[in-house]
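Read through the structure below, which is laid out as structure tokens, and then see the notes.
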Amino acid sequence: MRRRIGVACCWFVLPVCLAQGQSGAAQSAQVGPPDALLAQARTAVQAGSLSSADAIVRKYLSQQDASADGHYLLGYILSHEGKPKESLAEYTRGAQLRPPTANDLKVVAVDYVLLGDFVDADRWLTKALSANPSDADGWYYLGRTKYNENRFSEAIDAFHTCLKLDTHNVKAEDNLGLSYEGLNQTQQAMQAFQTAIAWQSGASSKNAQPYLNLGMLLAEQEPPDAGLVYLQEAVALAPQNAKAHEQLGRAYLKLKRWKDSQSELEKAVQLAPNSSSLHYELAINYRDQGLKDQARKEFDRCTELNATHASVDTTNQ
């Protein structure tokens, strides 16, 4: 059973998740008497100036340590800055002063995701959805958490609930396909990817993931060029995505288009230089073309990364 998306910190596109959490944090921070410093911190958060917001809210808390709103807001800021342990400490302090909102619980879940603790992320998302079952984003994040726990049937249920609340949600439909694929239900997976692509028809900005996922799935079918057009589109939409270049390179390799494969794999290595598997694939490509010196260099780099445990997987999200 293949897993299409790794469990790296960006597993469900954290900036989107946190943008949603930002609204909740800002709303919860508005509870209580107006305060100039707290208002300034909220404004800085909404403007995306997290370092400024961090400094302001800390100054506020130095004067008002018993402010739940201040601790929750600082917790959100720290989560957005990728500091989950510090964020959880602030949410714990805030919870001692007043119960967290459903939006606060979502950010807590994100912290646990960043820590790689999907069991606790699942628990807090479930609590958040018990308080606010109409939260489409919450169901999407729960689906992603279930997927990373290999609980594919439950992930499918969560994505279906998300889609009932937010029809034509491309990310949810795409991840629905991944979950079906996790159960080896290939036809259902293919249909979901195709639906996610169709929903983007005519859009000025498109999500590359459904193209990549469908292309990867079709590339394993016959004929060998079945997924090529989708992989090419994924690369066009997301030129900085190492996984897209890698998969297109593999597709070209199956078609014995050695130079095209080499070009894509070289781009993938440039984008993800610490991936030992990419160096290995490129080495094989060079070797098969008779480029012995270049192949040896890539094999050596692969060995070096594996020996130091510095290698990272390429992820497509």
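All conditions but one from (1) surrounded by fewer than 23 Cβ atoms within 10 Å (Cβ to Cβ); (2) in a helix (DSSP H, G or I) apply to Asp225; the one that does not is (2). Being among the aliphatic types (A, V, I, L, M), modelled with pLDDT under 95 and more than 22 Å from Ser51 (Cβ to Cβ) is true for just one of Val119, Val113. Which residue is that? Criteria check complete, one pass: Val113.
Out of all the residues in the range 223-246, which are free of Cβ contacts under 8 Å to residues at least 24 places away in the same chain and charged (D, E, K, R)? Across the range 223-246, there are no qualifying residues. The set of residues in the range 126-151 that are under 22 Å from Thr195 (Cα atoms) and surrounded by fewer than 20 Cβ atoms within 10 Å (Cβ to Cβ) contains only Ala136. The set of residues in the range 211-222 being surrounded by fewer than 24 Cβ atoms within 10 Å (Cβ to Cβ) and either in contact (Cβ under 8 Å) with a residue 12 or more places away in the chain or touching a Pro at 6+ places or on another chain (Cβ under 7 Å) (or both) consists of Leu217, Leu218, Ala219.
Restricting Leu125, Leu115, Leu142 to those that are over 26 Å from Thr43 (Cβ atoms), in contact (Cβ under 8 Å) with a residue 12 or more places away in the chain, hydrophobic (A, V, I, L, M, F, W, C) and in contact with a Gly (Cβ under 8 Å, 6 or more places away or on another chain) reduces the list to Leu125.
Residue-by-condition table, conditions (1) of a type in the set (D, E, K, R); (2) crowded, with 21+ Cβ neighbours inside 10 Å; (3) in a helix (DSSP H, G or I):
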position	(1), (2), (3)
Ala55	no, no, yes
Tyr60	no, yes, yes
Gly82	no, no, no
Leu88	no, no, yes
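The set of residues from the range 145-160 being touching a residue at least 24 places away in the same chain (Cβ under 8 Å) and either under 17 Å from Ala189 (Cα atoms) or out of contact with any Leu (no Cβ under 8 Å at 6 or more places or on another chain) (or both) comprises Lys146, Tyr147, Asn148, Glu149, Asn150, Phe152, Ser153, Ala155, Ile156. Note on the range 117-162: residues that are over 17 Å from the mean Cα position of the chain (by Cα) and in a loop (DSSP other than H, G, I, E, B) amount to 5. Condition check for Ala283 on (1) over 30 Å from His160 (Cα atoms); (2) small (Gly, Ala, Ser); (3) part of a loop (DSSP other than H, G, I, E, B): one failure, at (3).
The set of residues from the range 60-76 being farther than 19 Å from Ala102 by Cβ and in contact (Cβ under 8 Å) with a residue 40 or more places away in the chain comprises just one member, Gly70. Selection over the range 102-116 of residues that are assigned to a loop (DSSP other than H, G, I, E, B) and either touching a helix residue (DSSP H, G or I) at 6+ places or on another chain (Cβ under 6 Å) or buried (at least 24 other Cβ atoms within 10 Å of the Cβ) (or both) gives a count of 1. If you go through the range 68-115 and pick out every residue that is in contact with a Cys (Cβ under 9 Å, 6 or more places away or on another chain) and under 22 Å from Leu37 (Cβ atoms), you end up with 1. Residues that are more than 17 Å from Ala55 (Cβ to Cβ), among the hydroxyl-bearing types (Ser, Thr, Tyr) and in contact with an Asp or Glu (Cβ under 9 Å, 6 or more places away or on another chain) within the range 80-108 comprise just one, Tyr91.
Residues in the range 164-210 that are free of Cβ contacts under 8 Å to residues at least 24 places away in the same chain, assigned to a helix (DSSP H, G or I) and surrounded by fewer than 20 Cβ atoms within 10 Å (Cβ to Cβ): Lys164, Gln187, Gln188, Gln191, Gln194, Thr195, Ala198. Here's a check for you: in the range 286-314, which residue that is crowded, with 18+ Cβ neighbours inside 10 Å and hydroxyl-bearing (Ser, Thr, Tyr) is modelled with the lowest pLDDT? Across the range 286-314, the extreme among qualifying residues is Ser311.
The values are calculated or read from the model by the stated rules, or taken from the named source; none is laboratory data. This is a predicted model, so every value here is computed, not measured. So basically every Cβ, Gly included, is an ideal-geometry build from the backbone, and we count neighbours across all protein chains shown.
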